[in-house]
1. Tell me, which residue of segment 27-37 that is open to solvent by 50 Å² or more (accessible area, probe 1.4 Å) and over 16 Å from the mean Cα position of the chain (by Cα) is farthest from Gly112 (Cα to Cα)?
2. In segment 38-75, what residues are in a helix (DSSP H, G or I), open to solvent by 50 Å² or more (accessible area, probe 1.4 Å) and over 19 Å from Ala24 (Cα atoms)?
3. I'd like to verify a number: residues in segment 108-119 that are farther than 28 Å from Pro87 by Cα and not in a strand (DSSP E or B), how many?
4. Which residues, taken from segment 80-107, are assigned to a loop (DSSP other than H, G, I, E, B), in contact (Cβ under 8 Å) with a residue 60 or more places away in the chain and not charged (D, E, K, R)?
5. Suppose the filter is over 17 Å from Val98 (Cβ atoms), modelled with pLDDT of 95 or more and of a type outside the set (Val, Ile, Thr); does Arg45 pass it?
6. Checking the condition of a type outside the set (Gly, Ala, Ser) and touching a residue at least 60 places away in the same chain (Cβ under 8 Å), which residue from Thr118, Thr77, Thr68 passes?
7. Please name all residue pairs, on different chains or six or more residues apart, with Cβ atoms under 7 Å, provided the first residue is in segment 6-26 and is over 14 Å from Thr115 (Cα atoms) and the second residue is β-branched (Val, Ile, Thr) and part of a strand (DSSP E or B).
8. Identify all residues within segment 85-95 that are surrounded by 14 or more Cβ atoms within 10 Å (Cβ to Cβ) and either modelled with pLDDT under 95 or not acidic (Asp, Glu) (or both); write none if there are none.
Amino acid sequence: QVQLVESGGGLVQAGGSLRLSCAASGSIFSINVMGWYRQAPGNQRELVATINSDGSTNYVGSVKGRFTISRDNAKNTVYLQMNSLLPEDTAVYYCWAVVRCSGKDYYNDYWGQGTQVTVSS
């Protein structure tokens, strides 16, 4: 049993910044990849950024140079620093993690509830 809890969403003006956090808790043996998805009304859920256990990262092209993903393995937490925000960044942002639970020999995907990010013009 694993849960992911996001925080840090809110309303910000274009050009502003927000930092999202997501903490995983429960019977965790290890976490492989962590990341962030987002979904705006009428759109598909889009993968925004990922970070592997070795620290390597990937970003969707629209956020490169503006967003930074990081993780604190000791705290089972992933962050998304969002700078130079644009109205088109408005979406619900979902934390995602691939987790091996204690006592198991396989990984499962887990999702947070989502946090709303609204960027006004």
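The values are calculated or read from the model by the stated rules, or taken from the named source; none is laboratory data. These figures come from a predicted structure and were not determined experimentally. Please note: Cβ atoms are built from the backbone with ideal geometry, for glycine as well, and neighbour counts cover all protein chains shown. Quick note on the areas: whole protein, heavy atoms, side chains included, nothing else; ligands and nucleic acids left out. Shrake-Rupley method; radii C 1.70, N 1.55, O 1.52, S 1.80 Å.
1. Here is the first cut: in segment 27-37, the ones open to solvent by 50 Å² or more (accessible area, probe 1.4 Å) are 27, 29, 32.
Checking the rest, the ones that are also over 16 Å from the mean Cα position of the chain (by Cα) come to 27, 29.
Details: Ser27: 16, Phe29: 18 Å.
Ranking the qualifying residues of segment 27-37, first place goes to Phe29.
2. As a first pass, look at segment 38-75 and keep what is in a helix (DSSP H, G or I): 61-63, 73-75.
Within this subset, residues satisfying the condition of being open to solvent by 50 Å² or more (accessible area, probe 1.4 Å) are 61-62, 73-75.
If the condition is that a residue be in a helix (DSSP H, G or I), open to solvent by 50 Å² or more (accessible area, probe 1.4 Å) and over 19 Å from Ala24 (Cα atoms), then Gly61, Ser62 are the ones that fit.
3. Of the residues in that region, 0 qualify.
4. To start, the set of residues in segment 80-107 that are assigned to a loop (DSSP other than H, G, I, E, B) comprises 83-86, 90, 102-106.
Keeping just the survivors that are in contact (Cβ under 8 Å) with a residue 60 or more places away in the chain gives 83-86, 102-104.
Correct list: Asn83, Ser84, Leu85, Leu86, Ser102, Gly103.
5. Numbers: over 17 Å from Val98 (Cβ atoms): no; modelled with pLDDT of 95 or more: yes; of a type outside the set (Val, Ile, Thr): yes.
Taking the combined requirement at face value, the residue does not satisfy it.
6. Details: Thr77 fails: touching a residue at least 60 places away in the same chain (Cβ under 8 Å); Thr68 fails: touching a residue at least 60 places away in the same chain (Cβ under 8 Å).
None of the other options fit; the residue is Thr118.
7. Listed by first residue and then by second, the contacts come to Ala14/Val119; Ala24/Val2; Ala24/Ile31; Ala24/Val99; Gly26/Val2.
8. Initial filter on segment 85-95 (surrounded by 14 or more Cβ atoms within 10 Å (Cβ to Cβ)): 85-86, 89-95.
Matches in segment 85-95: Leu85, Leu86, Thr90, Ala91, Val92, Tyr93, Tyr94, Cys95.
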